[in-house]
Amino acid sequence: MRLLLALFGFLVLASPDARADAVADALRAGGVAVLMRHATAPGNFDPEGFRLDDCSTQRNLSAEGRDEARRIGVHLKGLGLAPGEVLTSQWCRCRETARLAFGAARDWPALNSFLRTRDSEAAQVAEVLA
């Protein structure tokens, strides 16, 4: 815990370049997880009646978002970082971000949104934190 607090303190006080180097070094050391949001998908929320099994009913990545996802993958690879495993929610924009950035991903429903129905929030948060 002290190491985590020391790293956090360093990240708050250090220059942006030093922060980026510290984060990259921590990731290279392993044993950490990175949680990221999908790339740019214009709008807010999915339309009523959307279905996880039908991308045409969801809010999807824009051309800019697809380019962002590719750049994320290139940037991390350039830093010498390669994820051991990539997990994604079941939303098409998330799957596409993972595929474009990292080549592949495995669905993990614990990462799915619970904004419309809060029933599963506690269980999903606990599963992700575990």
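In table form, for the structure just shown:
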| quantity | calculated |
| --- | --- |
| Among (1) aliphatic (A, V, I, L, M); (2) farther than 23 Å from Glu127 by Cα; (3) in contact with a Ser or Thr (Cβ under 8 Å, 6 or more places away or on another chain); (4) not in a loop (DSSP other than H, G, I, E, B), the one test that Ala98 misses | (2) |
| Unique match (being of a type outside the set (D, E, K, R) and either outside the structural domain of Asp46 (by TED's automatic domain parsing) or touching a residue at least 12 places away in the same chain (Cβ under 8 Å) (or both)) among Ser89, Ser120 | Ser89 |
| Subset of region 29-50 (residues that are in contact with a Ser or Thr (Cβ under 6 Å, 6 or more places away or on another chain), over 20 Å from Ala105 (Cα atoms) and not hydrophobic (A, V, I, L, M, F, W, C)) | Pro42 |
| Any chance Asp54 is loosely packed, with under 12 Cβ neighbours inside 10 Å and over 23 Å from Gly31 (Cα atoms) | yes |
| Any hit, region 48-58, residues being over 20 Å from Phe114 (Cα atoms), in the same structural domain as Asn112 (by TED's automatic domain parsing), out of contact with any Pro (no Cβ under 6 Å at 6 or more places or on another chain) and among the polar types (S, T, N, Q) | yes |
| Residue satisfying condition, being more than 24 Å from Asp25 (Cα to Cα) and of a type outside the set (Lys, Arg), within set Ala82, Ala101, Ala110 | Ala110 |
| Number of positions in region 72-91 that are over 22 Å from Pro109 (Cβ atoms) and outside any loop (DSSP other than H, G, I, E, B) | 7 |
| Selection count, region 36-71, where residues are not in a loop (DSSP other than H, G, I, E, B) and not polar (S, T, N, Q) | 12 |
| Lone unmet requirement of (1) of a type in the set (Asp, Glu); (2) surrounded by 13 or more Cβ atoms within 10 Å (Cβ to Cβ); (3) within 19 Å of Asp46 (Cβ to Cβ); (4) modelled with pLDDT under 95 for Glu127 | (3) |
| Given (1) part of a loop (DSSP other than H, G, I, E, B); (2) at pLDDT below 90, index of the condition Glu121 fails | (1) |
| Cβ pairs under 7 Å, 6+ apart, first in region 11-31 and modelled with pLDDT under 75, second of a type in the set (Gly, Ala, Ser) | Leu11/Ala22; Ala14/Ala22 |
| Output for region 60-98, where each listed residue is among the acidic types (Asp, Glu), surrounded by 14 or more Cβ atoms within 10 Å (Cβ to Cβ) and farther than 15 Å from Arg37 by Cβ | Asp67 |
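The values are calculated or read from the model by the stated rules, or taken from the named source; none is laboratory data. Bear in mind the structure is a predicted one, so any value in this text is a computation, not a measurement. Positions of Cβ are generated from backbone atoms using ideal geometry, with glycine treated the same way; all protein chains shown enter the neighbour counts.
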